[in-house]
Amino acid sequence: MAIAQAKYDGAEALINAYADPSWVLGAWAVKARATALATLRAQGAPHRFDEYWKYTNPAKLIDPDTPTVPVLRDAEDRPFHDVDRVKLVFVDGVFAPERSDDPKLSGVEIEPLKSAMQSDIHWAAEVFGKLEASGQNPVARPLAALNTAKATTGFVLRATAKSDRPVSFIYLHENEKSDTLIHHVVKVEEGASLTILENGPAAARLNMVLEIDIADGASFHHVRAQGRDHQRRAATHLFARLGKESTFKSFTLTVNGVMTRNEAVVEFTGDDAHATIAAACAGDGDFHNDNTVFVTHDAVNCESRQVFKKVLRNGATGVFQGKILVKAGAQKTDGYQISQALLLDDDSNFLAKPELEIYADDVACSHGSTCGAIDDEALFYLASRGIPRAIAQDMLVMAFLAEAIEEIDDPTLAEEIHKRLSAWMERRRD
Amino acid sequence: MLNISNLHVALEDEDKQILKGVDLTVGDGQVHAIMGPNGSGKSTLSYVLSGKGGYEVTAGSAQLNGVDLLEMEPEERAAAGLFLAFQYPVEIPGVGNMTFLRTAVNSQRKARGEAELTAGEFLNIVREKAKSLKIDADMLKRPVNVGFSGGEKKRNEILQMAMLEPKMCILDETDSGLDVDAMKLVAEGVNALRSEGRSFLVITHYQRLLDHIKPDVVHIMANGRIIKSGGPELALEVENNGYADLLAEVA
């Protein structure tokens with residue numbers, strides 16, 4: 001009873017912590033928000049005794065007191081600096097048009113969530129809160145429900161053709177006490193393609209939902225770099241629905257951050273589609289990074305790949321919870337999942353829970369999880385050629401993480417991620 | 001060049017003495033060979049000199065041009081001019097051979113206070129040296145030693161030696177796992193590097209390699225000591241009679 005009460009009280013505290021807008025919402029938005037609110041109330045706030053929160057204590061994400069997070073101010077190059085893209089800048093979760101590019105891209109409608117929410121009828125109604133709601137079953141995701149119920153900032157994007165440049169969300173953090181909800185909705189229409197880039201700490205505490213509806217033959221690519229402002233906390237959720245012969249690829253780099261929970265919920269609804277969810281993280285000290293993934297195969301001949309690599313040291317913690325659910329009838333499914341950690345000392349932790357649940361009889365699903373130390377033989381080999389130990393170790397770390405970075409299709413974006421990691425490692429060298 | 005005196009070495013984890021008083025002096029530009037039965041301590045000597053972990057030096061010293069090797073980290077020994085060609089070169093997935101070579105060359109140059117090579121300078125040198133060892137562009141691009149045949153791995157070792165231009169080269173059973181042609185190619189690579197300022201210590205089981213790399217001095221090692229030294233004829237004696245006679249002689 002005590003736990004149920006705590007979850008109930010926690011939900012009410014979260015609901016009260018985020019103000020409702022003073023402006024008038026359109027009918028579809030009112031409805032979607034009410035549905036999510038009911039979901040959150042029924043589920044309660046996440047609790048560390050919940051099955052999917054036992055490796056990650058949600059306290060830092062739901063604490064009623066907003067954390068104070070120092071803002072790192074330096075002249076460091078930001079990720080994707082050299083990439084030709086449409087930059088949309090958020091400051092502490094609020095869109096800052098004066099610091100952004102003109103939100104125009106051929107073949108893509110770009111509109112702030114707020115203005116979409118103010119209209120009575122909008123295409124976003126087909127996606128907003130819908131994919132999130134679908135992803136609530138069988139595993140509750142109360143922070144995502146909270147986001148749908150309360151978020152008023154974000155973008156709605158609709159790609160109707162193959163876009164030639166990525167849309168790049170840049171999340172600046174300037175206020176030490178900012179606590180924010182961002183919600184993006186993406187619809188990639190039949191045969192269209194879109195790439196979204198994300199980077200920046202966003203806020204002292206961030207709750208993010210990205211819903212992506214990918215129509216038949218469409219493709220969506222997503223590359224994000226989470227870093228900086230180590231004390232920040234973030235809970236992010238990707239909800240993707242894949243149509244026939246569509247492609248979804250998402251890659252996340254996480255460095256720094258005392259609490260980052262990245263959930264990805266992917267559902268195949270059309271045949272012959274492909275999804276890749278990959279991530280690399282490098283954690284040091286009181287770093288905590290959780291990847292929780294749920295892939296549902298509900299169509300024939302679809303392929304899913306999960307590739308997660310974590311390098312941890314000085315007591316850092318990495319969590320991986322990955323599930324592949326193959327529903328009855330989802331024949332010819334090819335599901336692959338690998339999660340690996342490289343522990344650079346005895347103090348660091350990797351907690352992994354791979355799950356397969358299969359109801360079809362003609363499928364190929366494989367999963368693996370490993371956890372190990374750096375290869376001393378390789379380290380000595382490099383040192384014997386004159387390479388100092390710290391650099392040799394970084395070379396081996398980079399080689400380990402490279403297998404996840406290789407999942408990014410675009411070589412320019414992969415190189416950007418390489419550069420971020422190299423710079424991070426250089427800064428940390430003794 | 002290399003001065004080893006009364007070197008005693010034990011395994012760190014178990015109470016087992018491997019080297020029991022090795023004395024060895026290699027002069028500038030000389031080639032010395034060490035032969036000996038299995039378990040005599042030949043490979044241990046090469047590992048201890050290059051700084052591999054797991055060994056404890058319980059007595060004695062090893063100097064390279066008057067500098068104490070045993071106090072240095074492996075990378076410092078390399079920068080000081082020591083090179084070990086591994087018996088079993090390590091495969092390193094994910095690290096490109098070129099990146100590895102360039103990082104190694106520039107790390108050593110940096111440690112010695114020399115200017116680092118630019119990408120272009122490096123590429124020109126490596127291409128030329130790789131060609132003479134019949135190492136193609138594909139081998140340079142692949143991850144270090146991954147998927148290399150036995151012969152390719154050994155040629156890659158010699159390429160590293162050629163790029164790093166060490167003063168003191170230790171070849172640990174470089175002939176093992178090589179067919180006759182591959183051995184010739186490797187030996188040619190080594191011979192091309194022979195010079196007045198560069199010395200070699202060639203560890204081998206077989207006299208055959210020494211037909212190609214002609215030694216000045218041959219040492220026989222057994223039970224953690226050098227029990228006999230002589231000219232190239234000593235290697236022939238071993239080839240013909242085995243080690244039994246020599247061991248009996250000393251006992």
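The values are calculated or read from the model by the stated rules, or taken from the named source; none is laboratory data. Please read all numbers here as calculations on a predicted model, not as lab measurements. With ideal geometry, Cβ positions are generated from the backbone for all residues, glycine too; neighbour counts draw on all protein chains shown.
For the range B:54-77, what are the residues that are of a type in the set (Gly, Ala, Ser) and more than 21 Å from B:LYS20 (Cβ to Cβ)? The answer is B:GLY66, and nothing else. When we screen A:SER250, A:SER304, A:SER246, A:SER339 for residues that are over 27 Å from A:MET398 (Cβ atoms) and of a type outside the set (Phe, Trp, Tyr), the only hit is A:SER246. Of the numbered conditions (1) modelled with pLDDT of 90 or more; (2) in a loop (DSSP other than H, G, I, E, B); (3) of a type outside the set (Asp, Glu), B:HIS205 satisfies every one except a single condition; which is it? Checking B:HIS205 against (1) modelled with pLDDT of 90 or more; (2) in a loop (DSSP other than H, G, I, E, B); (3) of a type outside the set (Asp, Glu), the one that fails is (1). One residue stands out in the range A:20-55 among those that are part of a loop (DSSP other than H, G, I, E, B) and in contact with a Phe, Trp or Tyr (Cβ under 7 Å, 6 or more places away or on another chain): the one that is surrounded by the fewest Cβ atoms within 10 Å (Cβ to Cβ), namely A:HIS47. Screening B:ASN38 with (1) within 14 Å of another protein chain (Cβ to nearest Cβ); (2) over 21 Å from B:PHE122 (Cα atoms); (3) at pLDDT below 95 gives one miss only, at (1). Exactly one residue among B:LYS16, B:LYS52, B:LYS42, B:LYS20 is basic (Lys, Arg), farther than 27 Å from A:ILE391 by Cα and within 16 Å of the chain's Cα centre (by Cα), and that residue is B:LYS42. Close Cβ contacts (under 6 Å, 6 or more residues apart or on different chains) running from residues in the range B:185-214 that are free of Cβ contacts under 8 Å to residues at least 60 places away in the same chain and surrounded by 15 or more Cβ atoms within 10 Å (Cβ to Cβ) to residues that are in a helix (DSSP H, G or I) and aromatic (Phe, Trp, Tyr) are absent. Here A:ASN314 meets each of (1) surrounded by fewer than 24 Cβ atoms within 10 Å (Cβ to Cβ); (2) touching a residue at least 40 places away in the same chain (Cβ under 8 Å); (3) more than 30 Å from A:ASP216 (Cα to Cα) with one exception, condition (2).
The rows are residues; the columns are (1) part of a loop (DSSP other than H, G, I, E, B); (2) surrounded by 24 or more Cβ atoms within 10 Å (Cβ to Cβ).
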residue	(1), (2)
A:ALA145	no, yes
A:THR148	no, yes
A:PRO201	yes, yes
A:HIS221	no, no
A:HIS237	no, yes
A:ALA240	no, yes
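Within the range B:94-126, the residues that satisfy the criterion of being in contact (Cβ under 8 Å) with a residue 40 or more places away in the chain and closer than 24 Å to B:LEU171 by Cα are B:VAL95, B:GLY96, B:ASN97, B:MET98, B:PHE100, B:LEU101, B:ALA104, B:VAL105, B:GLN108. Among residues of the range A:389-418 being without any contact (Cβ under 8 Å) to a residue 12 or more places away in the chain and more than 30 Å from B:GLY51 (Cα to Cα), the one that is nearest to the other protein chains (Cβ to nearest Cβ) is A:GLU406.
Within the range B:166-183, restricting attention to residues that are under 13 Å from the mean Cα position of the chain (by Cα) and among the acidic types (Asp, Glu), the residue that is nearest to the other protein chains (Cβ to nearest Cβ) is B:ASP172. In the set A:SER369, A:SER348, only one residue is crowded, with 21+ Cβ neighbours inside 10 Å and more than 12 Å from chain B (Cβ to nearest Cβ); that residue is A:SER348. Would you be able to tell me the number of residues in the range B:145-185 that are under 18 Å from B:GLN207 (Cβ atoms), part of a loop (DSSP other than H, G, I, E, B) and acidic (Asp, Glu)? Summing the residues that are under 18 Å from B:GLN207 (Cβ atoms), part of a loop (DSSP other than H, G, I, E, B) and acidic (Asp, Glu) in the range B:145-185 gives 3. Give the range A:91-125 a look and list any residue that's under 21 Å from A:HIS221 (Cα atoms) and in a strand (DSSP E or B), or say none. Of everything in the range A:91-125, those that are under 21 Å from A:HIS221 (Cα atoms) and in a strand (DSSP E or B) turn out to be A:LEU105, A:VAL108, A:GLU109, A:ILE110, A:GLU111, A:PRO112. Checked against the criterion of being in a strand (DSSP E or B), closer than 30 Å to A:VAL188 by Cα and of a type in the set (Phe, Trp, Tyr), the range A:79-89 has no qualifying residue.
All conditions in (1) within 21 Å of B:THR174 (Cβ to Cβ); (2) over 18 Å from the mean Cα position of the chain (by Cα) hold for B:SER61, with the sole exception of (1). If you check B:GLU56 against the conditions, is it within 14 Å of chain A (Cβ to nearest Cβ) and touching a residue at least 12 places away in the same chain (Cβ under 8 Å)? Considered against the rule, which asks whether it is within 14 Å of chain A (Cβ to nearest Cβ) and touching a residue at least 12 places away in the same chain (Cβ under 8 Å), B:GLU56 comes out as no. Restricting attention to the range A:182-222, the residues that are of a type in the set (Gly, Ala, Ser) and touching a helix residue (DSSP H, G or I) at 6+ places or on another chain (Cβ under 6 Å) total 0.
Among residues belonging to the range A:242-258 that are surrounded by fewer than 23 Cβ atoms within 10 Å (Cβ to Cβ) and at pLDDT 95 or above, point out the one that is nearest to A:PHE80 (Cα to Cα). That would be A:LYS249. Among the residues of the range A:32-81, the ones that are polar (S, T, N, Q) and under 27 Å from A:ALA125 (Cβ atoms) come to 3 in all. Hey, among the residues in the range B:152-164 that are more than 11 Å from chain A (Cβ to nearest Cβ) and over 11 Å from B:ALA130 (Cα atoms), which one's nearest to the chain's Cα centre (by Cα)? Only one residue fits best here, namely B:LYS154. The sole residue among A:ARG233, A:ARG158, A:ARG228, A:ARG165 that is surrounded by fewer than 24 Cβ atoms within 10 Å (Cβ to Cβ), in contact with a Lys or Arg (Cβ under 7 Å, 6 or more places away or on another chain) and closer than 21 Å to A:PRO79 by Cα is A:ARG165.
The criterion of at least 2 residues that are within 22 Å of A:ARG305 (Cβ to Cβ) is met by the following helices (runs of 4 or more DSSP H) wholly inside the range A:351-430: A:389-405, A:411-428.
For the range A:377-386, state whether one or more residues are within 14 Å of another protein chain (Cβ to nearest Cβ), of a type in the set (Asp, Glu), touching a helix residue (DSSP H, G or I) at 6+ places or on another chain (Cβ under 8 Å) and without any contact (Cβ under 8 Å) to a residue 40 or more places away in the chain. For the range A:377-386, residues within 14 Å of another protein chain (Cβ to nearest Cβ), of a type in the set (Asp, Glu), touching a helix residue (DSSP H, G or I) at 6+ places or on another chain (Cβ under 8 Å) and without any contact (Cβ under 8 Å) to a residue 40 or more places away in the chain: absent.
Restricting the range B:184-215 to residues that are within 16 Å of the chain's Cα centre (by Cα) and of a type in the set (D, E, K, R), the residue that is farthest from B:GLY21 (Cα to Cα) is B:GLU188. Within the option set A:ARG73, A:ARG78, A:ARG99, A:ARG85, being farther than 27 Å from A:ASP410 by Cβ and either under 23 Å from the mean Cα position of the chain (by Cα) or surrounded by fewer than 15 Cβ atoms within 10 Å (Cβ to Cβ) (or both) holds for one residue only, A:ARG73.
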